[in-house]
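The values are calculated or read from the model by the stated rules, or taken from the named source; none is laboratory data. Computed from a prediction, not measured in an experiment: that's the story for all the values here. Here the Cβ is made from the backbone with ideal geometry for all residues, glycine too, and neighbour counts use every protein chain on show. Just so you know, the surface numbers come from the protein's heavy atoms only, side chains and all, with ligands and any DNA or RNA stripped out. Shrake-Rupley method; radii C 1.70, N 1.55, O 1.52, S 1.80 Å.
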Amino acid sequence: MDHKRDADMILAGIKGLERTGGRLRVFIGMCPGVGKTFAMLSAAREIKARGVDVVIGIVETHGRLETEALLEGIEILPLKTIVYRDTELKEFDIDGAIKRKPAVILVDELAHTNVPGSRHPKRHQDVEELLSNGIDVLTTVNIQHIESRADLVEKVTGTVIRERVPDSVLDRADPIELIDLSPEQLLRRLDEGKVYQGERATRAANGFFKEEHLIALRELSLRFVADLVDDRLIRTMSSRGIPGPWNTGEKLLVAISHSPYSTRLIRACRRLAAALGAPWIALHVNTGETISAEDERQLRKNLALAHELGAELLSTTDFDIANGIQRVASNQNVTQIVMGRPDRRIFRDLLLRGTLLARLVNEKSDIDVHVIRQVRQPKIVGFGVWLGKIQEARRRFGSGPLAYWQTLWLMLGVGFLSFGATELIGYRAVGYIFLLAVLLVASVASLGPILFAAAVGALSWNFFFIPPRFTFQILSSEDWFLTLVFFVVAVVGGSLSNRIRRQREDILVRESRTAALYEMTKVLSTVHAESDMAAGALDVISRTFSLDGIIVGSEPNHGTKILAGRHGLLTAKTKALADWVFANSKEAGSGTDTLSAAGAYAAPIVSSTGILAVLVVPSKPEGLEAEILLEGLLKQLALAMDRARLSDTGEKMRLMEASERLYQTVLNSVSHELKTPLTTLIGAAGVLVSNQTVDAKPELQSLVDDMNDAARRMKRVVENPLDVSRLSHENGYAQIDRQLLDWNDHVTQSVALMKRDLRHHHLEIKLTEEPVLVRIDEKLMEHAISNLIANSINYAPRGTTVVIETGIEKSADQTSTQNFATLSISDQGPGITAEHRERIFEKFYRVPGSPPGGTGLGLALVRQILEEHGGTIDLDPDYSTGARFKIRIPINGAEK
């Protein structure tokens, strides 16, 4: 038997088995409460007992006493505290785990979403980083959190699954351990309060934990683990060269050809696969034999039927059908083969050591073979039948009359040239010359001319050279034997030479196919935009098939648009053709049964999410191999476009989530900031209305002052977002009204506006003696200085000193003559630690532990205002008694 293996299967197996970094061990269950964490901790204790360094990164016991008891004796790493919305939350400390670097670490709940501010958004990303650092990880996950199964779980249970783990994470798990529990046992645990307690247990029993849900979830988890194990088994066998199959799970294969009887085999295999609940493969073995256009259409119909019924379509090339079937069956771990009863052909069966059925049964004794009876029409021998046989023989021998005519003259020419050399080399040596001529024919012609050359050579040698000459009579038994051997050797040698030539041609075809697929992969890997992908793919398709075409997409409410190609090719007919393909997701146009008069061929570019685009070319590529290649190229393009769209969708979702968080933050901050001064205004107004303070001048003045303070505070709250919007370049341009002003006067004026707010602090102002002129927007710069002073007031304790100082500073660039006006504002507050210095100028960022109130826009607005003026703002890192902010503005700055 031929044990050669496909290179792509070997590479896929090696890729699947290679492991870098740590080892991932996953405990999977159908839902919460089946005992995943308990099993993980039990496994950890067994590993630790062998002397391995095991630590717990994070484990959720959910108050289950039997689970908590297993924590004893295992080191538990401290959790990291993260402040989110003024609340301290505990999270897994990945930095501490990597620094500790144990041999094995336990990280519970793989699908967990980390607290904002963590290094990674998802815990499975923490696990991947641990693995890349060479640390083995034990973890748990429920079936509903696996990306490929989440939609099914949502459909079964009606529960939205938000936390998901990509299947690629589980692909590297070795091993995956299924923690199985019957629905009855799980419901009993739920009733006993071992899963949830109180009202939560009642809600679970009436919702997610319904018995019918648990049965479906159990089946999903069992099937998922079985699929992973089966896939790993195939990759292991392929990479290690282990001949299959191993009957760990049923898989069926049906071999199909251009025979009309193949449809019966396809349907029979589908019924068997459905009864067994097993996958099945429809295999076509290309022997290189030339088939008629009618047979090729029948082959396409057979392949389409198999695909429609759910088969995995495979095609392989082999001159021996039995070897091709055996090789694919071994690579794919097939356990059952479905085939029809082959016709007996005595000569062919003798050469190939038996019929196809006999060889499969004898050489693959570990595979069950189902033979499906065929209902054949009675054979009526007539002129039409004989004509059909002649046409079939002509296709088999693959040549027209011209090839035989040329062969005849070649053999006669060899005989003529050899006639004069007979006396010199002998008549028997002439036979070798004729044999060489037959091999020469075999190098360029098909089987028919080869057999014809062998016959002509034998007859010519006999008639012109073997004594008695010029007769077909042979007197010597030795010459009889030589003539017979010559004919046999000529036929066999010629056939083998022809077979080698066909194999070479097939290799060249496969090489060109592989080169086209590689070129497509290379092109698609270097671009990211959908239009660039379409343009690159169209270029590859045009060069491969010598067809000029276009790729069109579709936009809602806008109809068809060209993604790649010349606009002149999109005519009314081709547009209508593309629209039909978009609507039906099927090929149409020339060479098909639909819209064949359209004058062009259109093929859909389809992914799992639906039709993405349509390829339109002048004609359909000729030949089954060309069609398969085109389909492969379009599948690659569909995957790339789908990946790009998913990436865009993910980015949009991320931006939407960020926008939602931003909106909520602004809403909360502004609401709080407006509520406090509004309360003050309402309270003060209520007192004034009561007429209790009309004659009390000091009390009246205090109320008025409180109202003024509250009003100014509200004004700042409203002005900060408005100024941010005003300065945003996203709105078109920054609206800056620059005027030439004295810097000291402007600072003094800005401080005066804040004098009321500074009444509880000591104020110290130091102004430079030199006049300094700057070109600034008076209102914006006033707002910036007010925000800096308000920041010091909010953080510095009452009774402390706020120092405001102006100055002149030269540029750090020795070649520049530009000088800067400076303003320093210092306070005696708690200061800002190094870890927060880089973020305090971000919008809506507030240092953890900040006093209530504020939107987090003040310092961000100050920096934006200064940048629009060509200035800067810095926080002095060497100032230790509080915080000192320093701003720089170009002296007499020019318009930007």
For this session: Over the stretch 136-209, consider all pairs of different Cα atoms and compute the Kirkwood hydrodynamic radius from their mean reciprocal separation; express it in Å, one decimal.
Result: 14.1
For this session: Quick one: go through the stretch 440-467 and flag any residue whose amide nitrogen is under 13 Å from the point 7 Å out along the Cα-to-Cβ line of E505.
Result: 442-450
For this session: Report the equivalent ellipsoid semi-axes for the stretch 66-225 in whole Å, largest first, defined as the square roots of five times the eigenvalues of the gyration tensor built from alpha carbon atoms.
Result: 29, 19, 17
For this session: Subtract the Cα-Cα distance of E312 and L276 from 0.36 nm times their separation in residues, and report this length gain in nm to one decimal.
Result: 11.3 nm
Problem set entry | Calculated FRET value between E211 and D171, using beta carbons and R₀ = 45 Å, to 0.05 | 0.90
Seminar exercise, completed: Quick calc, K586 & K99: beta-carbon distance into FRET formula, R0 60 Å, rounding 0.05, result 0.55
Seminar exercise, completed: Here the equivalent ellipsoid of the stretch 27-75, derived from its Cα gyration tensor, has semi-axes (largest first, whole Å) of 19, 12, 9
Exercise. When ranked by the protection proxy of mean other Cβ atoms within 10 Å per residue, highest first, what sequence do the peptides 147-155, 447-455 form?
Worked result: 447-455, 147-155
Problem set entry | For a label point 7 Å along the Cα-to-beta-carbon line of E219, residues of the stretch 21-44 with backbone N under 17 Å | 30-31
Exercise. Given the Cα-Cα distance of R45 and A421 and 0.36 nm per residue of separation, how much length would full extension add, in nm?
Worked result: 126.1 nm
Exercise. Residues of the stretch 91-198: accessible area per residue at 1.4 Å, in Å²?
Worked result: 44
Exercise. For the stretch 533-574, what is the convex hull volume of the alpha-carbon atoms per residue, in Å³?
Worked result: 67
Seminar exercise, completed: Under the 7 Å Cα-to-Cβ spin-label approximation, D874 and T61 lie apart by a distance in nanometres of 5.3
Exercise. Quick one: length gained pulling S546 to L763 fully straight, 0.36 nm per residue minus the C-alpha distance?
Worked result: 69.9 nm
Seminar exercise, completed: 1/(1 + (r/R0)^6) with r = Cβ-Cβ of Q185 and E835, R0 = 56 Å, i.e. FRET efficiency to nearest 0.05, evaluates to 0.65
Exercise. One-quarter of the Cα convex hull surface for the stretch 754-828, in nm²?
Worked result: 6.0
